[in-house]
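The values are calculated or read from the model by the stated rules, or taken from the named source; none is laboratory data. Please read these numbers as outputs of a predicted model, since none were measured by experiment. Counting neighbours? That spans all protein chains shown, and the Cβs are built from the backbone with ideal geometry, glycine included.
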Amino acid sequence: MRFLFIVWILAVCSGCQPGQTVLKGHIENYRGESVFVSCYESNLQDTLKVDASGNFSWTPSGTGSQEYGIRVAGYQPWRIPVYLTPGDREELDLSLLPDKTIKVKYAGNRATENEYRLAFSRLDELRIGYDLESRKLSFADYKDQLEPIEHDLQILLEQIDDPEIKAHFRQKQHLWFQNRRTVYASVLAMRLREGEATPDENFNAFVQSLDVNDPKECNEYMVYEIIYWQQAQDSAFRTEERKIDYLNRLDHLVSNQEMKNEFATKYMKMAISGELGRPLDKEIKRYNEICTDGTMRNQIAEQYKEYLRVYGNLMPGKPAPDFELIDDKGEKCRLSDLKGTYVFVDVWATWCKGCVMEIPYMEKLQEHFANDKRITLISISWDYTQKVWLDYLKKRPATWPQYMVDKENMDVMKKEYRISGIPRFMLIDPQGCLVSYNYERPSHPECVKMLEQNMKNNR
């Protein structure tokens, strides 16, 4: 009894309850920056109270074991992971550096584990496989760039005492690096599109070694890259049929039914959310043939039902919503006045970097179709002032019709075409009906081919 009384007294005196989880720490060079704490699992969003000296103490409201993320506004890394279990007393010391980065130091029982979590979370900052330099590398050299990073991470992993946590992260780490190796498929696909030779026996051997039916060896991202590479090499592949083609190849490639269900479902969720304005009835039918999980099929059915409700008026064959245009001479007309040819619409603005990057490709598109009476290219500016737009056109004259819209008609476009960002490209048929209100960009390597096919199919 005396022992329990002493424990109670000590707990009261220390300002916390027995078994209470506490994260405390210090932020060096703290100047009043906002510090946030979040948790994906519990949807927690909270603010750490930091005193003028940079000290803080925080107790989570939950009772389970969870990973939390600490973020200091304006600094990198943008998320500092801290794993806490009931009763933990963990410490986190941060030093805010002049280059807007943070030096992180953990203390406590889970210090080693949290150090590993931080290192692992920062892997996604690596640009290997996504940068221009990667395009120059053979697969052997590409792998060589990854191996020292994997080696350093492995050293941290081996320092974790908890065998269950170590096994969990060993699996995650293995899949992450296998996935990043598989990303080399995108490097080869880029070379192929640009007419470069692409054979790489080392990469082919790597792909052949992957067990796509073992969840410990393969995930949906790796399967996506493998199929992407298959499509890139297939001269008969049609870009406009890539979704149904993906499902067909997935069905052939993966025989593990549970994995096939999971991969097909994740792909369809992505396809529905990203398609915007095209019926996916064929894809839904093929998906239902592939997926044997009734719960997953119902999820996709509900998502697609909502998709049709929101975008039903923007499906192919529906009249293109009309609005007023102003040309570069100040004359007004309406979109509907342009009926008679296919109209390829470029919605852009001078302040939009992505839009401006598409202009050289619009020029190439115009050059290709200059003598084709079937199609007209137009650009519609969303610039806020006519002067800015006209000044830009003087510096870079265009050889296809240029228009802009006032704020009222811009709002009409945003609402009727559900445009939340630009650039946006659309194709309208000679009758003024939509072929697609969310067309491929001119920079897409098969844009010309797709336009030719659309005009052929929609006669």
Practice prompt. Could you grab me the full set of residues in region 284-327 that are farther than 22 Å from residue 411 by Cβ and touching a residue at least 40 places away in the same chain (Cβ under 8 Å)?
Written response: 286, 287, 290, 315, 316, 317
Practice prompt. Check every one of the strands (runs of 3 or more DSSP E) wholly within region 381-438 and list those with 2 or more residues that are under 21 Å from residue 370 (Cα atoms) and modelled with pLDDT of 95 or more.
Written response: 402-404, 424-428
Worksheet item: Which one of the conditions (1) assigned to a helix (DSSP H, G or I); (2) over 20 Å from residue 245 (Cα atoms) does residue 330 fail to meet, given that it meets all the rest?
Response: (1)
Worksheet item: So which strands (runs of 3 or more DSSP E) are wholly in region 51-151 and hold at least 1 residues that are of a type in the set (A, V, I, L, M) and at negative phi?
Response: 66-72, 80-84, 89-96, 102-107
Worksheet entry | Residue in region 337-352 that is nearest to residue 426 (Cα to Cα), counting only those that are surrounded by fewer than 20 Cβ atoms within 10 Å (Cβ to Cβ) and of a type in the set (D, E, K, R) | 339
Fill in: Complete set of residues in region 254-265 that are surrounded by fewer than 16 Cβ atoms within 10 Å (Cβ to Cβ) and either acidic (Asp, Glu) or touching a helix residue (DSSP H, G or I) at 6+ places or on another chain (Cβ under 9 Å) (or both)
258
Fill in: Residue check for residue 93: surrounded by fewer than 13 Cβ atoms within 10 Å (Cβ to Cβ), over 25 Å from the mean Cα position of the chain (by Cα) and within 23 Å of residue 29 (Cα to Cα)
no
Worksheet, complete the sentence: Filtering region 266-283 for residues that are hydroxyl-bearing (Ser, Thr, Tyr) and either touching a residue at least 40 places away in the same chain (Cβ under 8 Å) or in the same structural domain as residue 437 (by TED's automatic domain parsing) (or both) leaves a count of 1
Worksheet item: Has region 168-184 got at least one residue that is within 17 Å of residue 202 (Cβ to Cβ), of a type in the set (A, V, I, L, M), crowded, with 16+ Cβ neighbours inside 10 Å and in contact (Cβ under 8 Å) with a residue 12 or more places away in the chain?
Response: yes
Worksheet item: Since residue 67 meets every condition but one in (1) touching a Cys at 6+ places or on another chain (Cβ under 8 Å); (2) among the charged types (D, E, K, R); (3) without any contact (Cβ under 8 Å) to a residue 24 or more places away in the chain, which condition does it not meet?
Response: (3)
Worksheet, complete the sentence: The helices (runs of 4 or more DSSP H) lying wholly within region 193-265 that contain at least 1 residues that are more than 22 Å from residue 282 (Cβ to Cβ), outside the structural domain of residue 286 (by TED's automatic domain parsing) and more than 24 Å from the chain's Cα centre (by Cα) are 201-209, 220-233
Worksheet item: If you go through region 355-376 one residue at a time, do you hit one that is without any contact (Cβ under 8 Å) to a residue 60 or more places away in the chain and in a strand (DSSP E or B)?
Response: yes
Item to complete: May I ask you to list the residues in region 277-318 that are assigned to a loop (DSSP other than H, G, I, E, B) and more than 16 Å from residue 438 (Cβ to Cβ)?
Response: 291, 292, 293
Practice prompt. Say whether the condition of being among the aliphatic types (A, V, I, L, M), in contact (Cβ under 8 Å) with a residue 60 or more places away in the chain and over 21 Å from residue 29 (Cα atoms) is met by at least one residue in region 104-126.
Written response: no
